[in-house]
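The values are calculated or read from the model by the stated rules, or taken from the named source; none is laboratory data. For clarity, every value in this text was computed on a predicted model and none was experimentally measured. FYI the Cβ positions are ideal-geometry reconstructions off the backbone, even for glycines, and counts take in every protein chain you see. Please note that ligands, DNA and RNA were not included when accessible areas were found on the heavy atoms of the full protein model with its side chains. Shrake-Rupley method; radii C 1.70, N 1.55, O 1.52, S 1.80 Å.
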Amino acid sequence: MGNKSKKSEYIYHAGLLIIALLVFAYIFNSKLDLNGDNCHYYINATSLAAGNGYCDMYGTPTANFPPGYPLLMAPLRAITSSFAAQKVMNLAFLFFGTLLLFAIMVREGMRKELAFIVSAAVLTTPHLLEFSTMMMSEASCFFFITLAFWSFLHIFQRDSRSFWRSSYLYLFLFAVAFSLYIRTQAVVLVIAFSFGLLATRRWRLSLAVISATALAYSPWMLRNMFLGLGQSRYLGQLSFDSLGNKLKMLLVQALPESVVPYFDVNYMLSPSVLLWAVAAIMLLLIVYGVWQFKSLRFILYPFLACGVGIISIMDSPSLYRYLVMLLPFFTISLFAGAWHLMSYIWQRCTGRNASPWIMAFLLLPGFVQEGNSMFKHTLADIHESNSKDYPPLFGNCFLMARKVLELDRNAVVASRKPELLYLKEGVKGVPFIRFSDESEAIRYLIDCRVGYLIVDDIALSVTGNNLVPLINRNKEIFTVKSYLRNPDVFLFRFDGRKAQELLDRM
């Protein structure tokens, strides 16, 4: 009987592998993504792979992100410089994390057919796939979080006097701690397990989670303290302003649009009465669904609640972006709640048991909905976006970076996305800053030893629209070296010696 059950699991695993290969091939993008964060991760991983420590493009120690994801990237980076290889690894993390999610649901008593459908929903969740096709940390963090839940279930039933001998305990503690090393947001996992274990009076295991996490994270904190680096860039982004509006956006708009793309939501408009009703029903089903997980209910409740809470107190919650890490767990909870409610109603009305395969209709919106021009709302959106070449604005910026290399290969360039120009063209640089007076901006360029500036239309908003007036009023230190049209991109030469003389006269 056991072999037959195991064989059926392998069949479902094979089905998930087929779905993953088809979906991943459809949405794959080998190009470097235009967001700056994935560039930083790659630069950090390159430094680690070269044995130079956790450093930026200048070889300077940094704490811009936790080091977990670059550590995972580093072995592959030592073998190849391919962006595509890193993206394949990311998709592998997503797939194996989904297999662990399947195992968790089965171990918690969910029927294999339903666990398969829910896992397929996770593998086809557009926003989760969107970040998994970049060199971003969401997929690897999802894997280690599911590894923590999976290993926890293997020690949960053990006698409290003997669980210390289980190898699963140490795998569990490692997965919890390393998740925090990948994303600061994973602190919710530490909170959830600590609270859940205390609530179920598993004092020693709760203490083990808190102690092991503190011990494991202390080297990173001490390293940053000794180097005079900040602990987390997110600490400065905490804000309790507009808390209600941010919660409304996350729960009433982002959740119905993200878990499975049931609704094409315009985040720029206030949610309709229908959307409020749908969000309320989804939240009730999620709460009911979490209760169906007998061993994990007191972990999942604080995990999801604290996860949303932490996002809502960020200064800029970035629509659905920071919800991505929680999406698989909202998905399994939603499907579990919907299935138990539907099967109960079906049995009462017909006297027969419902088939879990009827839940497959919940997967349809991700495949049949029309695209969204503003967000990557469906698989078709991701495919279309990833099939395109870089926008003309970035193409012109890359051309300007090549021009700088022709003029001076060692020049430092100020631009809107220096990390992107560094990976694409090999030009080192610094970002533009907002400034209140001219002397502050000029001093910044001098201190950074900037030789050139690449200025595009978007860069003006980054600097508060006062960059062009600064250049126009100081033409003796800013000289136009090149200009590209459609769209407009300027290359300016910055004369640091004359700029210092100008400052001395101020």
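Which numbered condition trips up Ile471, out of (1) out of contact with any Ser or Thr (no Cβ under 9 Å at 6 or more places or on another chain); (2) open to solvent by less than 50 Å² (accessible area, probe 1.4 Å); (3) at pLDDT below 90; (4) under 25 Å from Asn64 (Cβ atoms)?
That leaves (4) as the condition not met.
Among what's in the stretch 40-55 and is part of a loop (DSSP other than H, G, I, E, B) and not aromatic (Phe, Trp, Tyr), pick the residue that is surrounded by the fewest Cβ atoms within 10 Å (Cβ to Cβ). Before the answer, list the steps.
Filtering the stretch 40-55 for residues part of a loop (DSSP other than H, G, I, E, B) gives 50-54.
Of the ones still in play, those that are also not aromatic (Phe, Trp, Tyr) are 50-53.
Values: Ala50: 13, Gly51: 8, Asn52: 11, Gly53: 14.
Among them, the one singled out is Gly51.
What is the residue count in the stretch 44-72 for residues that are in contact (Cβ under 8 Å) with a residue 60 or more places away in the chain and more than 21 Å from Met221 (Cα to Cα)?
2
Quick check on this structure: which one of Ser167, Ser194 is of a type in the set (Gly, Ala, Ser) and either within 30 Å of Leu363 (Cβ to Cβ) or open to solvent by 60 Å² or more (accessible area, probe 1.4 Å) (or both)?
Values: Ser194 fails: either within 30 Å of Leu363 (Cβ to Cβ) or open to solvent by 60 Å² or more (accessible area, probe 1.4 Å) (or both).
Matching residue, one of Ser167, Ser194: Ser167.
Failed condition for Val413, given (1) farther than 20 Å from Phe263 by Cβ; (2) at pLDDT below 95, with all others met?
Exception for Val413: condition (2).
Name, by its number, the condition in (1) modelled with pLDDT under 95; (2) out of contact with any Lys or Arg (no Cβ under 7 Å at 6 or more places or on another chain); (3) open to solvent by less than 10 Å² (accessible area, probe 1.4 Å) that does not hold for Gln157.
(3)
For the stretch 339-359, state whether one or more residues are touching a Lys or Arg at 6+ places or on another chain (Cβ under 6 Å), at pLDDT 85 or above and within 19 Å of Ile117 (Cβ to Cβ). Let's see the steps before the verdict.
Of the stretch 339-359, the ones touching a Lys or Arg at 6+ places or on another chain (Cβ under 6 Å) are 356.
Restricting the remaining residues to those that are at pLDDT 85 or above gives 356.
Keeping just the survivors that are within 19 Å of Ile117 (Cβ to Cβ) gives 356.
Yes, some residue in the stretch 339-359 is touching a Lys or Arg at 6+ places or on another chain (Cβ under 6 Å), at pLDDT 85 or above and within 19 Å of Ile117 (Cβ to Cβ).
What do you reckon, is Ala338 in contact (Cβ under 8 Å) with a residue 12 or more places away in the chain, outside any helix (DSSP H, G or I), among the hydrophobic types (A, V, I, L, M, F, W, C) and surrounded by fewer than 22 Cβ atoms within 10 Å (Cβ to Cβ)? Write out each step before concluding.
Numbers: in contact (Cβ under 8 Å) with a residue 12 or more places away in the chain: yes; outside any helix (DSSP H, G or I): no; among the hydrophobic types (A, V, I, L, M, F, W, C): yes; surrounded by fewer than 22 Cβ atoms within 10 Å (Cβ to Cβ): yes.
Spelling it out, it is not the case that Ala338 is in contact (Cβ under 8 Å) with a residue 12 or more places away in the chain, outside any helix (DSSP H, G or I), among the hydrophobic types (A, V, I, L, M, F, W, C) and surrounded by fewer than 22 Cβ atoms within 10 Å (Cβ to Cβ).
Which ones in the stretch 281-309 are touching a helix residue (DSSP H, G or I) at 6+ places or on another chain (Cβ under 7 Å) and either among the β-branched types (Val, Ile, Thr) or not in a helix (DSSP H, G or I) (or both)? Working first, answer last.
Of all residues in the stretch 281-309, those touching a helix residue (DSSP H, G or I) at 6+ places or on another chain (Cβ under 7 Å) come to 282-283, 285-286, 288-293, 295-304, 306-308.
Listed by number, the residues that qualify are Ile286, Val290, Gln292, Phe293, Ser295, Leu296, Ile299, Val308.
Filter the stretch 276-318 down to residues that are touching a Phe, Trp or Tyr at 6+ places or on another chain (Cβ under 7 Å) and open to solvent by 50 Å² or more (accessible area, probe 1.4 Å), then give me how many there are.
Looking only at that region, the number is 0.
How many residues, within the stretch 275-320, are among the charged types (D, E, K, R) and free of Cβ contacts under 8 Å to residues at least 40 places away in the same chain?
If we filter the stretch 275-320 for residues that are among the charged types (D, E, K, R), which is where we start, we get 294, 297, 315.
Subsequent filtering for residues that are free of Cβ contacts under 8 Å to residues at least 40 places away in the same chain retains 297.
Residues meeting the conditions: 1.
Give me the residue from the stretch 255-275 that is within 23 Å of Thr378 (Cβ to Cβ) and part of a helix (DSSP H, G or I) and, out of that set, most open to solvent (accessible area, probe 1.4 Å).
Top of the filtered list is Leu274.
Taking the stretch 105-146, which residues are part of a helix (DSSP H, G or I) and open to solvent by 10 Å² or more (accessible area, probe 1.4 Å)? Spell out how you get there, then give the answer.
Of the residues in the stretch 105-146, the ones part of a helix (DSSP H, G or I) are 105-107, 112-123, 126-132, 138-146.
Residues satisfying the conditions are Val106, Arg107, Lys112, Glu113, Phe116, Glu130, Phe131, Phe143, Phe144.
Identify, by number, the condition in (1) touching a Leu at 6+ places or on another chain (Cβ under 7 Å); (2) open to solvent by less than 20 Å² (accessible area, probe 1.4 Å); (3) in contact (Cβ under 8 Å) with a residue 40 or more places away in the chain that Val252 doesn't meet.
Every condition holds for Val252 apart from (3).
What number of residues within the stretch 90-117 satisfy the criterion of being within 21 Å of Ala175 (Cβ to Cβ) and touching a residue at least 40 places away in the same chain (Cβ under 8 Å)?
First pass over the stretch 90-117, keeping only residues within 21 Å of Ala175 (Cβ to Cβ): 90-108, 115.
Checking which are touching a residue at least 40 places away in the same chain (Cβ under 8 Å) leaves us with 90-91, 93-108, 115.
Residues meeting the conditions: 19.
In the stretch 319-335, which residues are part of a loop (DSSP other than H, G, I, E, B) and either open to solvent by 40 Å² or more (accessible area, probe 1.4 Å) or modelled with pLDDT of 95 or more (or both)?
First, the residues of the stretch 319-335 that are part of a loop (DSSP other than H, G, I, E, B): 319-320.
Listed by number, the list holds a single entry, Leu319.
Exactly one condition in (1) surrounded by 24 or more Cβ atoms within 10 Å (Cβ to Cβ); (2) out of contact with any Ser or Thr (no Cβ under 8 Å at 6 or more places or on another chain) is not met by Ala92; state its number.
With respect to (1) surrounded by 24 or more Cβ atoms within 10 Å (Cβ to Cβ); (2) out of contact with any Ser or Thr (no Cβ under 8 Å at 6 or more places or on another chain), Ala92 is out only on (1).
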